[in-house]
Amino acid sequence: MKIFHLCEEYSVIDVMRTGMKSVCMLLLSSFLIVVLLIPVHAEEDRITPYGDYCKECGSYGTCEKMMSPDDAAQALIRYYRDKGYSVGMIYHKGRFLRADIYKGNEQVDKVLFDRKTGRIRSIY
């Protein structure tokens, strides 16, 4: 079966292919629009999922000297208190502190604090 359109000859298969291409393009465009319009939410369970650094050390990784365990614990408590969280148990081993972070009564993160660099990272 032949279809004539503006002096050009198309077969039914050509018309179907063109229609399928249009449908595929429409579906792909719709998918991209939906994906781009959906807001992306970071995982709220972790407070510092990609890490941060203690502002009391200066800029990232530039502590002039290693903080004492007590000073580091106080810095960690202040850091999370300013964000609206509390610090639970703090464990000290070598140059690191491990701390449990709470929002109310619920533990929301577990972090490792490097007393030498001031680096804070989630280990939960």
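Values in this text are rule-based calculations from the coordinates and carry no lab data. In this text, all values refer to a predicted model and were calculated from it rather than measured experimentally.
Would you please give the residues with an amide H less than 5 Å from that of Lys110, counting only those at least 5 places away or on a separate chain, with H modeled from the backbone geometry?
When sequence neighbours closer than 5 places are left aside, the close amide H contacts are Ile101, Ile123, Tyr124.
Output the direction-averaged projected area (hull surface divided by four) of the convex hull of the alpha-carbon atoms of segment 52-122, in nm².
If you wrap the Cα atoms of segment 52-122 in a convex hull and average its projections, you get 4.1 nm².
Need the full-extension length gain, Thr117 to Lys55, defined as separation in residues times 0.36 nm minus the C-alpha distance. One decimal, nm.
Once the chain is fully extended between Thr117 and Lys55, it gains 21.2 nm.
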